[in-house]
1. Of all residues in region 44-62 being loosely packed, with under 15 Cβ neighbours inside 10 Å and under 21 Å from residue 260 (Cβ atoms), which is modelled with the lowest pLDDT?
2. Of the residues 271, 265, which single one is more than 30 Å from residue 199 (Cβ to Cβ) and either touching a residue at least 60 places away in the same chain (Cβ under 8 Å) or outside the structural domain of residue 108 (by TED's automatic domain parsing) (or both)?
3. Go through (1) modelled with pLDDT of 85 or more; (2) over 30 Å from residue 23 (Cα atoms) for residue 194 and report which single condition fails.
4. Testing residue 94 on (1) in a helix (DSSP H, G or I); (2) within 24 Å of residue 261 (Cβ to Cβ), one condition comes back false. Which one is that?
5. Taking the condition of being within 16 Å of residue 96 (Cα to Cα), over 15 Å from the mean Cα position of the chain (by Cα) and in a helix (DSSP H, G or I), how many residues in region 255-281 meet it?
6. Would you confirm, using the coordinates I've provided, whether residue 246 is within 27 Å of the chain's Cα centre (by Cα) and at pLDDT below 85?
7. In region 161-247, which helices (runs of 4 or more DSSP H) lie fully inside it and hold 3 or more residues that are free of Cβ contacts under 8 Å to residues at least 60 places away in the same chain and crowded, with 18+ Cβ neighbours inside 10 Å?
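The values are calculated or read from the model by the stated rules, or taken from the named source; none is laboratory data. For clarity, every value in this text was computed on a predicted model and none was experimentally measured. We place every Cβ from the backbone using ideal geometry, glycine too, and count neighbours over all the protein chains shown.
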């Protein structure tokens, strides 16, 4: 198994190298023929930053490889990564914070929204699932609310709380709430009757039955709901920050786009992907600890 894992990782690394090489070749800057343009055209292109004077040939111009009108290659993105992580915790103004701070702001919003939604969702789901009648009555509403995009709630939430950060937290909350409620209610409602019979024979009180029989028995469904909620919340926090103008990784994507720094946009996308991968791996470890195999 270990050897198979090493081979898979080696093949993934090889694929990454191939993709980077293809990206580099596809984004090479073409040669520039200055003689095909008039002096006025060359002057305008220089003012726009499309060309720069050739240091080796006086009076000639070359294409500006750093100009963002050309799609950046992996070398420029790599340079951007080094530049950003060389001073990740700087604060040079209201909107000029290092990538370390931006990641911290995003994690704060995500953690507050997801943890509150997980607690509220599990509690509400257990209460609904314990009553078959209540489950049958409310389940259609849960199925309607569950697929609604959390961003659809954002105008209403912003109008209600009138605060950008609080709205971001509530958007994450709405993204994580309904899948958790629905899966928890389903898991509790469909718990094996053998477990309940044993608890009844042992004369467990309500709280002991809840924590030793019902929650462990419904754990697979609860974990499944939390996993869906986790992914939805992580996807929701980035566009919420972009649209609400709140400091964070999502907001940085919008700032880089406004600055026409495509390398910065790609860098932020990579940060989002790596951050999501790390958080998902952490969730997997926690899920394995609290779940069990029958």
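1. Once the filter is applied, the top-ranked residue is 49.
2. Every option except 271 fails the conditions.
3. (1)
4. If we test residue 94 against (1) in a helix (DSSP H, G or I); (2) within 24 Å of residue 261 (Cβ to Cβ), just (1) comes out false.
5. Here the count works out to 5.
6. yes
7. On the way: elements: 164-189, 193-201, 206-209, 215-244.
Of the helices (runs of 4 or more DSSP H) lying wholly inside region 161-247, those with at least 3 residues that are free of Cβ contacts under 8 Å to residues at least 60 places away in the same chain and crowded, with 18+ Cβ neighbours inside 10 Å span 164-189, 215-244.
Matching residues to (1) assigned to a helix (DSSP H, G or I); (2) in the same structural domain as residue 250 (by TED's automatic domain parsing):
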position: 85; (1), (2): yes, no
position: 89; (1), (2): no, no
position: 103; (1), (2): yes, yes
position: 106; (1), (2): yes, yes
position: 110; (1), (2): yes, yes
position: 116; (1), (2): yes, yes
position: 119; (1), (2): yes, yes
position: 123; (1), (2): yes, yes
position: 133; (1), (2): yes, yes
